[in-house]
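Structure, as structure tokens:
What follows draws every value from the coordinates through simple rules; no lab data is involved. Predicted model, so just to flag it, every value in this text is computed and none were measured. We place every Cβ from the backbone using ideal geometry, glycine too, and count neighbours over all the protein chains shown.
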Amino acid sequence: MSNFFENIDPDEAAEIDSLSKLAYEIRENKLTVLKAYAAEDEAALLQQIQDGAVAEHPAYEQYLAARILDDTREMVRALVSERLKKANQS
């Protein structure tokens, strides 16, 4: 099995590794927020709120937290992609 970071500068590899771990942790935290409401995703939680299936507060705050976590994860994933492209050009 080849080493994924074999041809990447060690500092860049460490940054990519850290960002990847951060993306994973963010995803897991978002899933934890949604799990409390048995919601598959943010839209499902919002629908539960709109239907009155769950109390608006704190569910709406949890919905916002899940959205922020998802947006943040997407930004981190974009950074990982950017770093990988840069590393592969070197």
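Determine the relative contact order of the chain: mean sequence separation of Cα pairs under 8 Å and six or more apart, normalised by residue count, in whole percent.
42 percent
Please arrange ASP71, ASP17 by how many other C-beta atoms lie within 10 Å of their C-beta, fewest to most.
Sorted ascending by nearby Cβ count, the order is ASP71, ASP17.
With charges only on Cβ, +1 for K and R and -1 for D and E, what is the dipole size of the chain about its Cα centre, in debye, rounded to 20?
80 debye
Give, in whole angstrom and from largest to smallest, the semi-axes √(5λ) of the equivalent ellipsoid of region 7-57, with λ running over the eigenvalues of the Cα gyration tensor.
37, 8, 7
Along the charge dipole of region 10-89, which of SER81, ALA23, LEU69 sits closest to the positive end, that is, farthest toward it, with unit charges on the beta carbon of Lys, Arg, Asp and Glu (+1, +1, -1, -1)?
SER81
Please report, in debye to the nearest 20, how large the charge dipole of region 18-69 is about its Cα centre when each Lys and Arg carries +1 at its beta carbon and each Asp and Glu carries -1 there.
240 debye
Out of region 1-65, which GluC sites (Glu not before Pro) are coil in DSSP terms and have no more than 16 other C-beta atoms within 10 Å?
GLU6, GLU40
Once you have a ≥ b ≥ c as the square roots of the Cα gyration tensor eigenvalues for the chain, tell me rounded if a/c is under 1.5, and otherwise prolate or oblate according to whether a/b is larger than b/c. All intermediate terms of the calculation are to be shown ahead of the outcome.
On the way: a/c = 4.05, a/b = 3.35, b/c = 1.21.
Because a/c hits 1.5 or more and a/b exceeds b/c, the chain counts as prolate.
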